[in-house]
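Just below is one structure, and these are the notes that go with it.
The values are calculated or read from the model by the stated rules, or taken from the named source; none is laboratory data. Since we're looking at a predicted model, the values are computed, not measured. FYI the Cβ positions are ideal-geometry reconstructions off the backbone, even for glycines, and counts take in every protein chain you see. Only protein heavy atoms, including side chains, enter the accessible area calculation; ligands, DNA and RNA are left aside. Shrake-Rupley method; radii C 1.70, N 1.55, O 1.52, S 1.80 Å.
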Amino acid sequence: MALTEEDIFAKVNEALQDALGVDEDEVTEEATLVGDLGAESIDFLDIVFKLEKAFDINIPREELSPEDILTNSQYVQDGTVTAEGLAELERRMPWANLDNFKADPKVQNFGNLLTVGDLCRYVATKVNA
């Protein structure tokens, strides 16, 4: 049986509260994991672990963190992701809203891209596949 958006959000919210020590009301669909909720790189390991357990799924690192694109000179010029790189990110991460990143596609901005809503949509692709 497929999980509803509400079911997924509730479990993601719980995982983020536990991993990041944030309050329930801070975890909104629009909240960014890094900027709004204060996630650091080490926190992502804990978040992934908690989500894998909560949903009984496997989350490959490259699906949430496309380092291979962001460090590839084919896709990045002078610290900015090229049109080809943006197309590859969209292909690899169809669940992520890249609109804000496209407006200023500097590699340094990518870390603050993912929102709670993006994470919920990603989980939905895994559990409702």
Exercise. Being under 25 Å from Gln108 (Cβ atoms) and surrounded by fewer than 19 Cβ atoms within 10 Å (Cβ to Cβ), is that true of even one residue in region 10-23?
Worked result: yes
Exercise. Do we find a residue being more than 17 Å from the chain's Cα centre (by Cα) and buried (at least 16 other Cβ atoms within 10 Å of the Cβ) anywhere in region 34-51?
Worked result: no
Seminar exercise, completed: Checked region 98-129 for anything among the hydrophobic types (A, V, I, L, M, F, W, C) and open to solvent by 70 Å² or more (accessible area, probe 1.4 Å); matches are Ala103, Ala129
Problem set entry | Of all residues in region 24-33 being out of contact with any Leu (no Cβ under 9 Å at 6 or more places or on another chain) and either more than 23 Å from Asp99 (Cβ to Cβ) or without any contact (Cβ under 8 Å) to a residue 12 or more places away in the chain (or both), the one that is surrounded by the fewest Cβ atoms within 10 Å (Cβ to Cβ) | Asp25
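Of the residues that sit in region 70-97 and are part of a loop (DSSP other than H, G, I, E, B) and among the hydroxyl-bearing types (Ser, Thr, Tyr), which one is surrounded by the most Cβ atoms within 10 Å (Cβ to Cβ)?
Tyr75
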